[in-house]
Every structure is written in C-alpha cells, then in structure tokens.
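Novice: Before we start, here is the structure in question, set down as structure tokens.
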Amino acid sequence: MTERPHIAVIGAGPAGLAATLAAARHGLRVTLIDAAPEAGGQFYRQPAAGLGARRPQALHHQWRSWQRLREGLDRHIATGHVHHLRDHHVWFVERRPEGFTVHALLGPEQERPVEVRAAAGVLLATGGYEKVLPFPGWTLPGVVTAGGAQAMLKGGLVLPGRTAVVAGTGPLLLPVAAGLAAAGARVAALVESADPRSFVRRFPALAARPAKLAEGAGYAARLVRHRVRTLVHHTVVEAHGDQRLEAVTVAALDAEGRVRPRTRRRIDCDTLAVGHGMLPHTDLALGIGCRVDGVAVHVDDEQRTDVPGVWAAGEATGIGGAVLALAEGHIAGRSAAARLSGAAPDPNGWAGAAGARAELRRFFATLDEAYAPPAHWAEQVTDDTVVCRCEEVTGGTIRRAVTELGAADVRTVKLLTRAGMGWCQGRVCGPAVAGLAGCPETAARRPFARPVPLGVLARAGRDDPEADPDGDPDPEAEADAVDVDVDVDHQ
Amino acid sequence: MNPLELARARPGPAFTVTFDGREMAALPGQTVAAALWAAGVMSWRSTRGEGRPRGVFCGIGVCFDCLVTVNDRPNQRACLVPLRPGDAIRTQESTGHDD
C-alpha cells in the first residue's frame, strides 16, 4: 500500500470533524489537532469525563449529528488513518520546503512545544469566538459572554449564579437562555436589541430554511415554558455592582437604534450573559499568508484559501453555525483528499453539501442583517467605561486619542493608548476600539495565535524542539511572551 | 433542578483543593473556574491598574480575564486548567509576579 498523503486539520469542532472524516474516508492520513481535551469544539462541547454525565444530550441539540461524527472519528482512529492530538494549542503554521509544520503548545500549561511536521496540506477549522461591545459595568464579575455561560454549563455543569439576564443580539442568545433556564437558573429577562420588524421584512428569505426557523421557534417555546420575559428592541445600558454584579439597567431602543428616553428599568440579577455576535479566528490563516476579507478567511468553492495546500472551513471563513460548518468541512475534506492525491476533485460528489452551504450562507447573511447591535451603542460607552479589559483603557482615553491626538486607525489608537496590547491581544476590545475610532472592523494581524514562551520560540523548528539545555521550561518565560506579541507588531 | 441533575451526572468522588488557604470541594474533571463557580466564587484576580476584581468572561480561553495563580504559578487561565486533588488556588494580585 502506498503511503497516504498527510493533512493536518486544526480544530475538532463541527467543521474540523466533518473535514477529518471526509479526508480520511477519501484516502488521506489526518492529524487532527485540537486545543480541547475532547473533540467537539464549542458547539459539541461535552461535560468533562470525570463528571459522569449520563444524559449530556440534555444540554445539546443535534445530538445525533454529534454521535455520528464521534463514531466516525473513533472508526478512523482505529484504522490508523486519523491521529487525534488533544490539548494541543496551535500557535503557528509554518510553510517549509518539505511541507507544513504546525507548532503547538501542550496541555493547559502551554509551555511544552510539539511540532507536527511535513504535512502536505493544512485545513484550518479554527472556529470563532464571541464579540461583546462594552457598556458601563461590563467588567464586573458575574458579567460573562453568552457563549462563555454556555461553555461553562456544557463543560463543567455549573451556573454562574441564580438569576440571569441574557442580553445582546444574535441567534446564540435563545439557546443560551433556554439552557440556563433548563439547568435551574431563573432567567429574569432575554434582552435582544434587534428590531422585530427587521425580521418581518426579511421573512421570505428566512423562510427558505424552515428547519432553522423551527429551531428558533422551539427555543422560544421553551422560554415561554420557563416564563422568561423577552424584551425585543431593548439593550443593557449599564451593569451595577461593586465587587460583583447586582443588577442591570435595560432600556428600549428607537428606530435609529438610540436609547429611548424614560424607558430605563432596573432588573436585579447576579449574572449577565451578553454577546453581540461572533467573530472568526483568523490568526493562523493570516500567519500563513491567507487572504482575509473583512474579518473572515477567503475561500473558493472548494474551501481552498489562496495559499496552495491550505483549506479553511467553518466559522473561520464566516459565521454561519454548526450545520454550515459541517457542509464546509465536508467539502474541504473532499477537495483536499482529491488534490493532495494528485486527482481532479469531482464537485458532483459533494453536490448535497454544496447546496446546503449555498442556502445556509444566504440564510445567515440575512440573519446577520436582522440581528444587529444598537447602531449607536458607542453613546452608552461613557468616558470612564473600561473598553480594553486587559490594559484597563477607558472610552475617554480612546476618544482623546482620536479627537485630540489624531489617531485615525486601530493601530494608532493602540500605540497611543495600549488598547489591545494586553493578554488577549485585542481580541475582545478590537470591535469596540474600531467603533469608537470610526474605523471598519478588520482582522488584526498577530504574529502568533497565542502567547508563546520565549524558550519555545528560540527552539522552534530545530531537530529536537523539546530539548532544553537549561532543564525545565522557565515559568517566567510565559509572562515575557506577551511582550513578544506586543513588540513584533505586523498590523 | 441544577446542571448536574439535568445531565444526570454521577461524578467521581469529590476532592479537596484550597482557595486562598480555605478548603473547598471540587469534582473530578472540573476546571478551576467551574469549581470556583460551584463554590459561589465569582472573582479571583485583581487587575494591575485599578485593582478591580475579575473572573470568567469568555469561558473558552480567549480573553485571559480569568487568570489565576495555581500551585504558585501565576497567569493560568482558570477556564482551561483542570483541578487535581490538593491544588492550591490563589487570587492573583496584579501580574502575579509581585509576591
């Protein structure tokens, strides 16, 4: 038997799993590299094994899809065609003459390096993370992202408090509110900033995916059953508390997306789960040199990026949910299997997935227009509101950089104020800083996808990357690594 | 109803860790953040600039808000690091390198 061509798939969420299964079935050897201890990504995040959950599906939908993916993965692992690397945090993908080298850090400590070498192809299924726009009080303990509340619930079987408000905008809020309520939290309100009229206007386009509408209706029915009050065209204007969250103030929005006077009301809560949509993880793609349009990795009909040998699928190529990610992952895996084996791909083989992809992309494009943060959200960001959570840079400081110091882009704001220079490297405050500076949202260029110890950086690519002449990794090195990210700024 | 009941969880035996010297129970598989939430603790870091309390924000390792000191190693993401029996969790003051 000839050696199977080798592809590295990065990310074991819906897109990465679908890609892995398709690629392995059609003749590739796959190294599936993922940061989590278990496959599934955020969407299919499983309770930790030690918790002994006998009914994990209570926290999920599309459970059967997950079971099929899980069984398929196990089968391919058993035949030796897929190697699943868990707890591997990829920080860089390097193009070398002999193929791609994937650089990762091992385990939650993220100090020991691992390299996956000589891959003929790379498939980026790096997923996305939640966007949250700032408002006074959003740094208080008890204010969490909607997806974060869900991740902690699915993975750790814990709730942040007893009484929750779920707020922001987007299709994620419904399942988060329903999940918190089912798990025993009192959901005092679901606060959605979108105008219901914008859905009515787009109904014909949305009705093209009746299954998706039914999914939404199902969540809505569950919220009614849990007596969750839903406030549409409302927004959270402030979170209150000293050492932790005690209440939020919500207000209605007018047709222009401004807070309507005299509509403020206070809701007592110890948890605010808030989100304003999702953003793609594009660091690895930008590191390889892939074209990124706006905030998403550019791909062709076969899910190929513009860098030969690199495919991308799922949220990294544009936010569209798990079903779209499955379709894109499947197509990417099929295309890679053919092309890395030296064959011309046959798109008829994935016509079903391509049809679903086209419909779902249209559906989510429409949904994305309907769901929207309040147009004038920045008016709620007072001068003393912290915008950059890491470096504690306030709205006033950022505004002064723009109005008094003449900063006209996010990079200049960053250099003048440190907004975006901290641990998270601007992943959280990026959209807000862009909004306050009046710039479009773009994907920030970061040399590495996560903090890397200096010792690891120095030894990367050597024949013995784990060998360390000085013994154990230096625990101080990790903190120093942040400064590397800051100084080597390629934006 | 609570999340463990909803998922019909039968966790392995709880074990003891400490948070700022106080004993606290944790379940096998729980991350530092999950065990602290289960114990009603919402913050375990005070910021470098203003000394403000922080805890979990993104819950998936992106935001680095939940940094905490575990077994004298600062800057661990509480939402990612699983607990082991006897682990000593400490509130992280500032950069965690001051004491």
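The values are calculated or read from the model by the stated rules, or taken from the named source; none is laboratory data. On a predicted model such as this, the values are computed, not experimentally measured, just so you know. Positions of Cβ are backbone-derived with ideal geometry, glycine not excepted, and every protein chain shown enters the neighbour counts.
Novice: Checking the structure you have, find out if any residue of segment A:329-347 is aliphatic (A, V, I, L, M) and under 22 Å from the mean Cα position of the chain (by Cα).
Specialist: Step one: filter segment A:329-347 for residues aliphatic (A, V, I, L, M), giving A:331-332, A:336-338, A:340, A:343-344.
In the following step, the residues that additionally are under 22 Å from the mean Cα position of the chain (by Cα) were identified as A:331-332.
Yes, segment A:329-347 has at least one match.
Novice: Here is a follow-up. When you look at A:Q110, is it on the phi > 0 side of the Ramachandran plot, crowded, with 20+ Cβ neighbours inside 10 Å and either acidic (D, E) or within 14 Å of chain B (Cβ to nearest Cβ) (or both), yes or no? Reasoning before the result, please.
Specialist: On the way: on the phi > 0 side of the Ramachandran plot: yes; crowded, with 20+ Cβ neighbours inside 10 Å: yes; either acidic (D, E) or within 14 Å of chain B (Cβ to nearest Cβ) (or both): yes.
Answer is yes for this residue.
Novice: So A:R117 fits all but one of (1) more than 18 Å from A:G155 (Cβ to Cβ); (2) modelled with pLDDT of 95 or more; what number is the exception?
Specialist: Going through the list (1) more than 18 Å from A:G155 (Cβ to Cβ); (2) modelled with pLDDT of 95 or more, A:R117 breaks only (2).
Novice: Something else about it: Determine whether segment B:51-64 contains at least one residue that is more than 7 Å from every other protein chain (Cβ to nearest Cβ) and assigned to a strand (DSSP E or B).
Specialist: No: zero hits.
Novice: Shifting gears a bit: Quickly run through segment A:86-125 and pick out the residues that are under 20 Å from the mean Cα position of the chain (by Cα) and within 12 Å of A:V30 (Cβ to Cβ).
Specialist: Residues satisfying the conditions are A:V122, A:L123, A:A125.
Novice: Since B:V68 meets every condition but one in (1) surrounded by fewer than 22 Cβ atoms within 10 Å (Cβ to Cβ); (2) at pLDDT 95 or above, which condition does it not meet?
Specialist: (1)
Novice: Also, I was wondering about something else. Of the residues A:L153, A:L157, A:L123, A:L140, only one is at pLDDT 95 or above and not assigned by TED's automatic domain parsing to the domain that holds A:A177; which? Can you show your working first?
Specialist: Details: A:L153 fails: not assigned by TED's automatic domain parsing to the domain that holds A:A177; A:L157 fails: not assigned by TED's automatic domain parsing to the domain that holds A:A177; A:L140 fails: not assigned by TED's automatic domain parsing to the domain that holds A:A177.
Every option except A:L123 fails the conditions.
Novice: Additional query: Kindly establish whether A:H84 is on the phi < 0 side of the Ramachandran plot and more than 12 Å from every other protein chain (Cβ to nearest Cβ).
Specialist: Details: on the phi < 0 side of the Ramachandran plot: yes; more than 12 Å from every other protein chain (Cβ to nearest Cβ): yes.
Judged against the criteria, A:H84 is a match.
Novice: Tell me, please, whether a residue that is outside any loop (DSSP other than H, G, I, E, B), within 22 Å of A:A146 (Cα to Cα), in contact with a strand residue (DSSP E or B) (Cβ under 7 Å, 6 or more places away or on another chain) and not hydroxyl-bearing (S, T, Y) can be found in segment A:282-293. Full working, then the answer.
Specialist: Step one: of segment A:282-293, the residues outside any loop (DSSP other than H, G, I, E, B) are A:283-288, A:292-293.
In the following step, the residues that additionally are within 22 Å of A:A146 (Cα to Cα) were identified as none.
No, segment A:282-293 contains no residue that is outside any loop (DSSP other than H, G, I, E, B), within 22 Å of A:A146 (Cα to Cα), in contact with a strand residue (DSSP E or B) (Cβ under 7 Å, 6 or more places away or on another chain) and not hydroxyl-bearing (S, T, Y).
Novice: Separate question: Can you pull out the residues in segment B:9-44 that are assigned to a loop (DSSP other than H, G, I, E, B) and not small (G, A, S)?
Specialist: Filtering segment B:9-44 down to residues assigned to a loop (DSSP other than H, G, I, E, B) leaves B:10-14, B:20-21, B:27-30, B:39-44.
Answer for segment B:9-44, where residues must be assigned to a loop (DSSP other than H, G, I, E, B) and not small (G, A, S): B:R10, B:P11, B:P13, B:D20, B:L27, B:P28, B:Q30, B:V41, B:M42, B:W44.
Novice: Enumerate the helices (runs of 4 or more DSSP H) found wholly within segment A:136-248, keeping only those where 3 or more residues are exposed (fewer than 15 other Cβ atoms within 10 Å of the Cβ) and over 24 Å from the mean Cα position of the chain (by Cα). Walk me through it before giving the result.
Specialist: Values: elements: A:146-156, A:173-182, A:196-201, A:203-206, A:210-225.
Result: A:196-201, A:210-225.
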